[in-house]
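Student: If you scroll down you'll find the structure; I have some questions about it.
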Amino acid sequence: MTKRRDEARDPEGNAEEQGRISDRRSGSAGASSSPAAREPGGGEEIDPITAELERLRAREDELLRALAEQQNVLRRRKQEMESSVRYAQESLVRELLPVLDDFERALRAMDGKVDDSIRSGVALVHERLLKILERQGLQAIRPRGGEPFDPELHDALAQRPAAGIPAGTVLDVAQAGYRLQDRVLRHARVVVAGPADSGQTAPVAGGNAP
């Protein structure tokens with residue numbers, strides 16, 4: 001009876017107490033149902049720190065893959081630039097190869113037929129031109145007789161039987177070849193030894209192979 005009379009005398013204090021109890025209950029319910037504490041499906045609780053670490057690791061993997069791809073692109077561009085600079089004079093050198101051939105034919109034709117001073121002058125011009133091209137990376141391909149045929153450097157014009165010489169051996173060079181740096185501009189045109197029982201020189205139809 002005394003308690004009821006006290007509550008009746010102090011209705012405002014009783015209302016405040018009821019409000020505090022209600023707030024505590026609603027706070028507990030909100031914490032238990034917080035989406036940060038549980039998975040959407042109501043499964044096991046997720047540690048926020050673990051979730052953040054996993055997100056950062058995934059992001060790190062993405063950045064590393066993007067960086068590796070960028071490095072590959074830069075490396076390819078560098079190689080292309082180096083190649084273009086290295087072979088910048090290729091077209092000009094190719095056009096000068098027939099000029100070198102003309103000099104060599106002229107020098108052979110002059111043997112014993114013109115004054116030595118004239119031939120020496122032509123040979124000097126030929127030598128100077130060749131040295132200029134060699135400074136640009138040009139190298140002559142002149143296989144010696146007896147060397148094995150190399151399809152990477154030689155182009156077989158014909159096969160000729162030769163006693164005591166293995167088939168596929170270079171016998172004669174019809175035209176010198178050239179390469180710029182490590183790129184073959186023109187194969188050396190050669191005659192190679194054929195089978196001993198063939199009895200005659202035979203042209204090679206396919207070229208570049210005996």
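Student: Go through (1) free of Cβ contacts under 8 Å to residues at least 24 places away in the same chain; (2) within 21 Å of V184 (Cα to Cα); (3) of a type in the set (A, V, I, L, M) and name the single condition L129 misses.
Tutor: (1)
Student: Can you name the number of the only condition in (1) out of contact with any helix residue (DSSP H, G or I) (no Cβ under 8 Å at 6 or more places or on another chain); (2) exposed (fewer than 14 other Cβ atoms within 10 Å of the Cβ); (3) assigned to a helix (DSSP H, G or I) that K113 fails?
Tutor: That leaves (3) as the condition not met.
Student: May I ask you to say which residue of R76, R94 is part of a helix (DSSP H, G or I) and touching a residue at least 24 places away in the same chain (Cβ under 8 Å)?
Tutor: Answer to the selection: R94.
Student: Name the residue that is farthest from the chain's Cα centre (by Cα), counting only residues in region 66-107 that are surrounded by 11 or more Cβ atoms within 10 Å (Cβ to Cβ), of a type in the set (D, E, K, R) and closer than 14 Å to G137 by Cβ.
Tutor: R94
Any read-out appearing in this document is the output of simple, stated calculations on the displayed coordinates, not a laboratory observation. The shown structure was predicted, so the numbers you read here are calculated from the model rather than taken from an experiment. Note that we place each Cβ from the backbone using ideal geometry, even for glycine, and neighbour counts take in every protein chain shown.
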